[in-house]
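The values are calculated or read from the model by the stated rules, or taken from the named source; none is laboratory data. All of these numbers come straight from a predicted model, not from anything done at the bench. Methodologically, a virtual Cβ is constructed for each residue, glycine included, from the backbone with ideal geometry; neighbour enumeration extends over all protein chains shown.
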Amino acid sequence: MEPTYDYRKFAILYVDDEEKSLKRFVDAFGDQFRILTASNARDGLRLLEAHQDEIGLLMTDQKMPGEKGVWLLEKARQLRPRIIRLLVTAYTDYDAAIAAINTGSIYKYVEKPWDPPQLENTLKRGLEFFMVQRERDQLLREKLSVLHNMMIADRIVSLGLLAAGLSHHIRNSLVAVKTFLDLAPAKMAEEKADLNGLRNPDFWKEYYQNVQNQINRINNLLKDLWSAAEKPTFEFADQVNLREVVEDSYAQLRPSFAEKQIQFENRIPADLPVLNVDKPKFYRLFDLLLKDELASLPPGTGVVFTAETASNGAGPEKQQVKIQLTDNGPGLPQEALRIVFDPFVVRSDTPMEYGIHLMACFFIVHHHGGRIEARNNTGQPGTTFTLRLPVNPAQSVPARPEHDFLQKVLLSDSLWEKLISSE
């Protein structure tokens, strides 16, 4: 049984400076295809940009006033590489047709004047090819999304186990140290002699406190990573106001910001939609982000929070809030931007913390159905963290892999075949 195609699902754009050719084309094929027309290449490009998701095939005459047909075909190839491109040529334009074929700009060329039955067959085959490619690409996107989520899940489990294991072993190892430290001040206080101050109870008291602080810091870092890696097992029933969450998180750290002379601005609108979240983890997300800024920024710099509503498509289930945390610090090396959310990656030469804070942020955002990324500010110092969070994680569509990555894969047939055939 031969497959049936809906030839009106995607439009055909025909560009020709001859009004008679445009009218003849519409009269001949208007009943079978959705047709858009333009009388020059510039207008054709504007239509292509306005309807790029609707157009499956572009057919253009070569010789026109102003920009030629091959110019439009090349623009179309850059804008939407999958669009099927046809060049209409007279016998005197064969050189242009051959050049277009050699540069990969066209699917086929059509001789002018064209024969309606033959051209109808060409248009149908072209749209069929476009639709088959589109279906194949959709299958790939779905498979890549599954693979992406599997890799993230594996990463989460592995790091969760790592954090749990490290926490267990470090705690066990530190028991002996803590026991010694608990006994040391009392033991030293019994001693009357003072050998270069080493048996001074005040010395041991200060030493004890410093080591205890480091022990607590290690345990807290591991607890953050472990807690963030553990996926919530309940519904996101808590509703929060984003501006209030950020304000509350900053209030806890206000003395540290003041001590380091780091300015803070909360420009998040108060009327943003309320977010459905896992409240303890959501508050922890902003606590960790601000702590990372404290650890990484030099004195005299600043931090600004902004946010706005965004949409990932039609329907309330896809409504998102886009949050940006921007600082004017030293920024990140280009090679560090790719791995900034991995543990033990640091943002400065003399960090107070390792990158476990940002890794924990990555997990919390991921479990809320969102995405987080970092980039250096353009034309000015500093780094911007962008978080995209669904208003309702339980109803949101899982985030797809990076667009640039998908584009590269979809345009590489060999890589596509390897991925689509893998188990």
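Values as computed for the structure displayed
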quantity	calculated
Verdict on L415 being modelled with pLDDT under 85, in contact with a helix residue (DSSP H, G or I) (Cβ under 8 Å, 6 or more places away or on another chain) and more than 30 Å from G300 (Cβ to Cβ)	yes
Some residue of the range 344-366 being modelled with pLDDT of 85 or more and small (G, A, S)	no
Count of the range 273-314 residues which are buried (at least 17 other Cβ atoms within 10 Å of the Cβ) and part of a loop (DSSP other than H, G, I, E, B)	3
